[in-house]
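S.K.: Structure in structure tokens, see below.
Read-outs throughout are calculated quantities, based only on the coordinates presented, and are distinct from any laboratory measurement. Just so it is clear, the structure is predicted and the values come from calculations on it, not from any experiment. Note that we place each Cβ from the backbone using ideal geometry, even for glycine, and neighbour counts take in every protein chain shown.
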Amino acid sequence: MNVWIKALLVLVVLIVAVKASAYVATGTSYVWFSQQSGSMEPNIHKGDLILIQSSQRTDIITCEEGKIRDYRSFNDYGDVIIYQPNGNPSATPILHRAISWVEKGEKMPNGEPAPHGGYITRGDNNAYPDQSVFGIEPVKPEWAIGVARVRIPYLGLMFNGVGSMVIIYAGIYAIILAYLMRKKKIIDRTEAF
């Protein structure tokens, strides 16, 4: 088999194995999130890589509940969640803290009645909740992609955009290819003797 094709197959197997392992460990195929803004500073910075756990595998604890339970995550009460605004799968996900829960009809931070039950969210560095100024509805549990668990400073800069992933995959492919070519040379030399 051609070394180039063999390297590509090894890369594909490696990607599938990593994604499958991550899914088994976290419960979601959306394993990491790269913070795009300063809305969560000083606790999460722009460019940080955030490892997440599926919201289906854990309870989301709001800031209000966190104060009662003395539960903190990322230096403040309550969980930080990643969610799709208004349930739109094509919208850029948002990473903000779950502040409270509202039931349908309850007053939201903007003074309007909640159209449905959901989480009220806010960036730690934002003055107002997302549901008061951005036209975002309370976050339904099914809109939550996951709960932030680990912060790796600035590593998220490598994972921004499709182009970055292509560069990373190309780099891994080059390493695999170099290894296989070196191995082939060694085998060819030993067969020559």
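S.K.: Along the charge dipole of the range 31-155, which of Q56, Y119, P141 sits closest to the positive end, that is, farthest toward it, with unit charges on the beta carbon of Lys, Arg, Asp and Glu (+1, +1, -1, -1)?
M.R.: Going by the charge dipole, the pick is Q56.
S.K.: N126: net charge of surrounding residues, Cβ under 15 Å, Lys/Arg +1, Asp/Glu -1, itself excluded?
M.R.: Every neighbour counted, the sum reads -1.
S.K.: Compute the acute angle (0 to 90°) between the alpha-carbon long axis of helix 161-192 and the principal axis of greatest extent of the alpha-carbon atoms of the chain; round to the nearest 10°.
M.R.: Compared with the principal axis, the helix lies near 20 degrees.
S.K.: Set Lys and Arg Cβ to +1 and Asp and Glu Cβ to -1, take the dipole of the chain about its Cα centre, and tell me which of Y173, M1, I81 lies farthest positive.
M.R.: Towards the positive end, the residue furthest out is M1.
S.K.: What does the charge add up to near N110, with Lys and Arg as +1, Asp and Glu as -1, over the other residues with Cβ less than 13 Å from its Cβ? It would help to have the intermediate numbers written out before the result.
M.R.: Numbers: positive: K107, R122; negative: E106, E112, D130, E137.
Spelling it out: positives minus negatives among the neighbours equals -2.
S.K.: Placing +1 at every Lys and Arg Cβ and -1 at every Asp and Glu Cβ, with all other atoms neutral, what dipole size does the chain have around its Cα centre, in debye to the nearest 20?
M.R.: Here the chain has a charge dipole of around 1100 debye.
S.K.: Rounded to two decimals, what is the ratio between the C-alpha radius of gyration of the chain and 2.2 N^0.38 Å?
M.R.: That works out to 1.34 for the chain.
S.K.: Using the structure shown, list the pairs from K67/K107; K19/K185; K46/K67; K67/K104; K46/K140 with a Cα-Cα distance above 28 Å, or answer none. List each step's numbers first, then the result.
M.R.: Working: K67/K107 21 Å; K19/K185 32 Å; K46/K67 26 Å; K67/K104 24 Å; K46/K140 26 Å.
Beyond 28 Å: K19/K185.
S.K.: Tally Lys/Arg at +1 and Asp/Glu at -1 over every other residue whose Cβ is under 13 Å from the Cβ of I175; what's the total?
M.R.: Residues near I175 contribute +2 overall.
S.K.: Just to confirm the number: angle between the C-alpha axis of helix 3-26 and the first principal axis of the chain, 0 to 90 degrees, nearest 10?
M.R.: Roughly 30 degrees between the two axes.
S.K.: At 7 Å along Cα-to-Cβ for each site, give me the label-to-label distance between L9 and D59 in nm.
M.R.: Each label point is offset 7 Å from its Cα along the Cβ direction, giving 5.0 nm.
S.K.: Can you sort V13, V147 so the residue with the fewest Cβ neighbours within 10 Å comes first?
M.R.: Ordered by Cβ neighbours within 10 Å, fewest first: V13, V147.
S.K.: Under the rule of -39500 (n - 2.57) per DSSP H run of 4 or more residues, summed and divided by the residues of the chain, what mean residue ellipticity at 222 nm is obtained, to the nearest 500 deg cm²/dmol?
M.R.: Only helices count here, giving -11500 deg cm²/dmol.
S.K.: Further question on the same structure: Give me the one-decimal nm value for the distance between modelled label points at V166 and Q36, 7 Å along each residue's Cα-to-Cβ direction.
M.R.: In this crude label model, V166 to Q36 measures out at 1.9 nm.
S.K.: Let me ask something else. Taking neighbour Cβ counts within 10 Å as the exposure measure, how do Y173, Y128, Y83 sort from fewest upward?
M.R.: Taking fewest neighbouring Cβ atoms as first place, the list is Y128, Y173, Y83.
S.K.: Of the options H45, Y71, V16, report the single residue whose Cα projects farthest towards the positive end of the charge dipole of the chain (beta-carbon charges: Lys, Arg +1; Asp, Glu -1).
M.R.: Of the listed residues, the answer is V16.
S.K.: Taking 7 Å along the Cα-to-C-beta vector as the label spot, tell me the M1-M158 distance in nanometres, rounded to one decimal.
M.R.: Those two pseudo-labels are separated by 2.7 nm.
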